[in-house]
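The values are calculated or read from the model by the stated rules, or taken from the named source; none is laboratory data. The structure presented is a predicted model; accordingly, all values stated were derived computationally and were not measured. Note that each Cβ is placed from the backbone with ideal geometry, even for glycine, and that neighbours are counted across all protein chains shown.
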């Protein structure tokens, strides 16, 4: 009798949980939704979050607000969301820094990027771009690599977020080069350093560099993607340049705290899919120098990709011995 009662109790609890989740989705959203961004206003992720949020608000009938919580490479923001009520009203507009690399970079992380979050969808995917000051002697990526091998530790590159540094250090590892990192707090000062010639090489994504490339103030050498960019079709991939199968990208996506009811996740994604696949959003994406491939992928696709990236980059960071307290 007790065994039967226990099984029945579990079934009833499960049924009640499903009913509760369905009811929550029916009334969701009944108040403003918050996108938490781990960077200051004006950055790439902040701009994307505001654009997506404004269009999502039209779909759901409730305001979508952006709450900027900069600091610690996005960890402060991610920790805040991880510990928030899992009701669909506090979401993380996160990047690979806080949601992937942090797991391998920090000895003590206050959250688990896999266990404490539910991936909803990806906003964008940007391959790393290697570019140089116009006066830099290497005219191709192959020549740059040859210079770096001939002068280990004597060439310098600027970058901003951890994704760019880690991606470039991984390239150093697999290519046998030693190009030295010069860190800056944000894309703007790192770009300024290369525009002035202070740091001759820069590794960022295409969007912040594209205006300077079109103006002739920077010269692109290679893209660390699987294919060339439609915005710079004459710029080869790393593989085309030196025969090395190397890809590294940055991205931004939306995450909910673990425990958020599945019907709420599904309702959110349904509205986001409409937004991200709209002609308006695709035009905005193209205007920024971003490809639309990979935008708006469903949770069932984004989740496994996110888990695989955490495992891949945690292993790579240990090999690179890049760690923070």
- Query: Would you call residue 142 farther than 30 Å from residue 264 by Cα and surrounded by fewer than 21 Cβ atoms within 10 Å (Cβ to Cβ)?
  - Reply: yes
- Check 178, 185, 149 and return the single one that is surrounded by fewer than 16 Cβ atoms within 10 Å (Cβ to Cβ), over 20 Å from the mean Cα position of the chain (by Cα), in contact (Cβ under 8 Å) with a residue 24 or more places away in the chain and in a loop (DSSP other than H, G, I, E, B). 178
- Task: Answer yes or no as to whether residue 145 is under 26 Å from residue 101 (Cα atoms), out of contact with any strand residue (DSSP E or B) (no Cβ under 7 Å at 6 or more places or on another chain) and at pLDDT 95 or above.
- Result: yes
- Any chance region 158-173 includes a residue that's assigned to a strand (DSSP E or B) and either buried (at least 21 other Cβ atoms within 10 Å of the Cβ) or free of Cβ contacts under 8 Å to residues at least 12 places away in the same chain (or both)? yes
- If you check residue 131 against the conditions, is it surrounded by 19 or more Cβ atoms within 10 Å (Cβ to Cβ) and under 26 Å from residue 92 (Cβ atoms)? no
- Item | Extreme residue, surrounded by the most Cβ atoms within 10 Å (Cβ to Cβ), among residues of region 195-212 that are touching a strand residue (DSSP E or B) at 6+ places or on another chain (Cβ under 7 Å) and over 23 Å from residue 244 (Cβ atoms) | 199
- Item | Total residues in region 235-271, condition at pLDDT 95 or above and in a loop (DSSP other than H, G, I, E, B) | 8
